[in-house]
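Okay, so here's the structure we're looking at.
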Amino acid sequence: MPQRIGRFISLEGSEGVGKTTNIGVISQLLEARDIPFVCTREPGGTPLAESLRDAMLTQRAERVDALTELLLVFAARMQHLENLIKPALARGEWVICDRFTDASYAYQGYGRGLALERIALLEEWVQDGLQPDLTLILDLDPTLAEQRMRARAKDRMESEQLEFYQRVRSGYLARAVTSERYKVIDAGQTMDAVAAAIEVQLTACISDWQTRP
């Protein structure tokens with residue numbers, strides 16, 4: 001894996017937690033510091049990866065096997081890493097990603113019940129040790145998240161039952177205690193309070209990164 005120059009930040013959370021809004025918050029914070037960055041998402045980020053995203057999320061009569069879903073995500077992730085994320089980091093740009101591999105553990109692992117060891121094996125093959133420098137987890141009770149999503153059209157993943165999202169939330173919180181790169185943000189606060197919490201965490205990380213190579 002080539003030496004990294006830029007920083008990699010992922011934003012995680014279940015449906016309806018406000019990831020899109022807060023990607024904008026992070027973008028504004030980096031712009032104010034004249035830090036070059038790119039925003040992207042998973043699954044997706046490149047033309048082929050976006051096509052794989054569509055294949056995974058489209059509502060269909062055919063049942064989609066959980067392992068098929070996982071393999072589609074990792075195929076898209078491989079394209080994303082090789083054609084967008086790694087080149088951007090090598091240029092010295094920061095990458096701000098709406099979800100990354102933690103979502104695979106939360107959704108396909110905890111949500112679908114796939115063995116975490118399978119996900120870890122795919123992670124090793126595809127990522128070759130590459131991990132975000134910072135992962136912000138927007139945490140929200142799935143019942144409240146469902147209320148936020150009532151007015152919008154839902155894709156296949158957004159149409160799951162409440163129990164599924166409760167398992168996904170548990171997965172994220174289980175991941176959050178395994179590494180210092182995770183910072184959990186209470187997404188049930190006001191938008192301004194969430195933005196302020198993100199600014200506190202990101203500012204602290206920037207200061208820390210500036211003191212070490």
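Inspect all residues belonging to the stretch 76-95 and state whether any of them is under 26 Å from E163 (Cα atoms), without any contact (Cβ under 8 Å) to a residue 12 or more places away in the chain, surrounded by fewer than 19 Cβ atoms within 10 Å (Cβ to Cβ) and out of contact with any strand residue (DSSP E or B) (no Cβ under 8 Å at 6 or more places or on another chain). No, the stretch 76-95 contains no residue that is under 26 Å from E163 (Cα atoms), without any contact (Cβ under 8 Å) to a residue 12 or more places away in the chain, surrounded by fewer than 19 Cβ atoms within 10 Å (Cβ to Cβ) and out of contact with any strand residue (DSSP E or B) (no Cβ under 8 Å at 6 or more places or on another chain).
Only residues that are closer than 16 Å to T101 by Cα and either among the β-branched types (V, I, T) or at pLDDT below 95 (or both) were counted in the stretch 1-12, giving 1. Within the stretch 13-32, take every residue that is out of contact with any strand residue (DSSP E or B) (no Cβ under 9 Å at 6 or more places or on another chain) and part of a loop (DSSP other than H, G, I, E, B) and give me the one that is modelled with the lowest pLDDT. Top of the filtered list is G16.
Within the stretch 177-199, if we keep just the residues that are free of Cβ contacts under 8 Å to residues at least 40 places away in the same chain and surrounded by 12 or more Cβ atoms within 10 Å (Cβ to Cβ), the residue that is nearest to the chain's Cα centre (by Cα) turns out to be A197.
Output yes when any residue across the stretch 33-44 is part of a loop (DSSP other than H, G, I, E, B) and at positive phi, and no when none is.
Quick first cut of the stretch 33-44, residues part of a loop (DSSP other than H, G, I, E, B) only: 33-36, 42-44.
Remaining after also requiring at positive phi: 34, 44.
The answer is yes; a qualifying residue exists.
Just give me the residues in the stretch 150-171 being surrounded by 13 or more Cβ atoms within 10 Å (Cβ to Cβ), at pLDDT below 95 and either closer than 15 Å to D102 by Cβ or aliphatic (A, V, I, L, M) (or both), in sequence order. M157 - this is the single residue of the stretch 150-171 that is surrounded by 13 or more Cβ atoms within 10 Å (Cβ to Cβ), at pLDDT below 95 and either closer than 15 Å to D102 by Cβ or aliphatic (A, V, I, L, M) (or both).
Residues of the stretch 128-137 include at least one that is buried (at least 19 other Cβ atoms within 10 Å of the Cβ) and either part of a helix (DSSP H, G or I) or not hydrophobic (A, V, I, L, M, F, W, C) (or both). Which members of the stretch 82-109 meet the condition of being within 20 Å of L136 (Cβ to Cβ), under 15 Å from the mean Cα position of the chain (by Cα) and part of a helix (DSSP H, G or I)? The answer is I85, T101, D102, A103, S104, Y105, A106, Y107, G109.
The values are calculated or read from the model by the stated rules, or taken from the named source; none is laboratory data. Computed from a predicted structure; not experimentally measured. Positions of Cβ are backbone-derived with ideal geometry, glycine not excepted, and every protein chain shown enters the neighbour counts.
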